[in-house]
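Below: one structure, written as structure tokens.
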Amino acid sequence: MFANVSLGKWARVGRITIAAALALVVLAACEEQQGGGGMMPAGGPVEVSVVTLQEQRVELSNQLPGRAVAYRKAQVRPQVSGIIEKRLFTEGAEVEMGEQLYQIDPARYEAAAANARAQLQRAQANLSTAQARETRYKNLIKEKAVSQQEYDDALATFEQAQADVAVSQAALQTAEIDLRYTKVKAPVSGRIGVSSVTEGALVSAGQSQVLATIHQMDPIYIDVSQPAKRILQMRRQLMQGKISQSESPGVRLILDDGSVYEHEGQLQFSDMSVNETTGTVVVRALFPNPDSLILPGMFIRAEVNEGVHDNAVLVPQRGVTRDREGNATALVVNESSEIESRTVVASRAVGSQWLVESGLAAGDRVVVAGLQKIKPGAKVNAVEVGTQGE
């Protein structure tokens, strides 16, 4: 009897437990239908935030990597051979064009100049004698006092003496030039680097070793590399009238620490050929550098103005997503307050927005918040949060 009572008791408990579990399942389903799990609430349309697109004038620019290049770079080399007697500059200092940097022992060149000067004096003395003889014979031949052969010999001696004087003058000039070259001078103004020689070093004319290098850094060049594909695209857009030339063809620099360089530069030229290895074209800009803040070889990012888009349509980046195929899409609220999905083609980023080429137009209301609660065809309550004000 006790066994039957226990079995009946446990059967009733099991039925109660099953009923309670079913009630919990039904309650959870009801809660899910009432707004859980991203489903539409039964109370009405979902509220979403939208931005109304407008056409606007946009200055198009592009950040490109670049390197600083000295405005002038001169390698100082000796033009005569000899021993360095003095170094007359401080390494790392500013030097002026024509300022003496080194003194090469001039003794041998002074002697050569003196010898050339004496040779010239001898030639000039011989010229005077030959000229007097030619003049005298010229008068005597008119009186038949000398033969024609004698006059011809006198004339030839005079002309040879003139040639000897010219040769001696050239030799003296060469000797004096060599003597001047014993004073090694700065070919340009700028900052001079490390000296590779010291006093007592033997140097030779035309040697490959550089004595020192001078960089002129104010102004300074910035060479940036721009993809050839991008240049082609810009030129096509200019030809088609999609963009126009910028009124301010200036260039800004962004330094390694993220700061913007205070001086604006100007484009100088674009290279005429494409680098076959990198597929880029070098564009050169010129910048003031009064404080020598930019040094040759420094890596810099340059922001180059490419043109002006007068009727640009920009869409906030947070309003554009990717579908399963990887296509860019945006959800738009139409006139019936229903959601439409648009495939968007964007050419580039402009700040926190995309520049739209197709798929969206001025006046479209693009959803920028609440995307996870809606799908195409759903009714929504659109709340305007701005017009391109991001």
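The values are calculated or read from the model by the stated rules, or taken from the named source; none is laboratory data. Bear in mind that the values here come from a model prediction, so they are computed numbers and not experimental data. We place every Cβ from the backbone using ideal geometry, glycine too, and count neighbours over all the protein chains shown.
Miscellaneous remarks
- Members of segment 104-158 that are of a type in the set (Phe, Trp, Tyr) and at pLDDT 90 or above: Tyr109, Phe158
- Selection within segment 285-300 - buried (at least 18 other Cβ atoms within 10 Å of the Cβ) and either more than 14 Å from the chain's Cα centre (by Cα) or assigned to a strand (DSSP E or B) (or both): Ala285, Phe287, Asn289, Ile300
- Matching residues in segment 322-333 - criterion: being within 19 Å of Val385 (Cα to Cα) and at pLDDT below 90: none
- Yes/no for Ile222 being modelled with pLDDT of 95 or more and out of contact with any Ser or Thr (no Cβ under 7 Å at 6 or more places or on another chain): no
- Some residue of segment 354-377 being outside the structural domain of Leu267 (by TED's automatic domain parsing), within 30 Å of Ile220 (Cα to Cα) and outside any loop (DSSP other than H, G, I, E, B): no
- Residues in segment 106-148 that are assigned to a helix (DSSP H, G or I) and of a type in the set (Asp, Glu): Glu110, Glu134.
- Output for segment 146-160, where each listed residue is within 13 Å of Thr129 (Cα to Cα), in contact with a helix residue (DSSP H, G or I) (Cβ under 7 Å, 6 or more places away or on another chain) and not hydroxyl-bearing (Ser, Thr, Tyr): Ala154, Leu155, Phe158
- Selection count, segment 88-140, where residues are farther than 30 Å from Ala154 by Cβ and either surrounded by fewer than 16 Cβ atoms within 10 Å (Cβ to Cβ) or of a type outside the set (A, V, I, L, M, F, W, C) (or both): 21
- Checking Ala175, Ala166, Ala161 one by one, the residue that is buried (at least 18 other Cβ atoms within 10 Å of the Cβ), outside the structural domain of Leu293 (by TED's automatic domain parsing), part of a helix (DSSP H, G or I) and at pLDDT 95 or above is Ala175 and no other.
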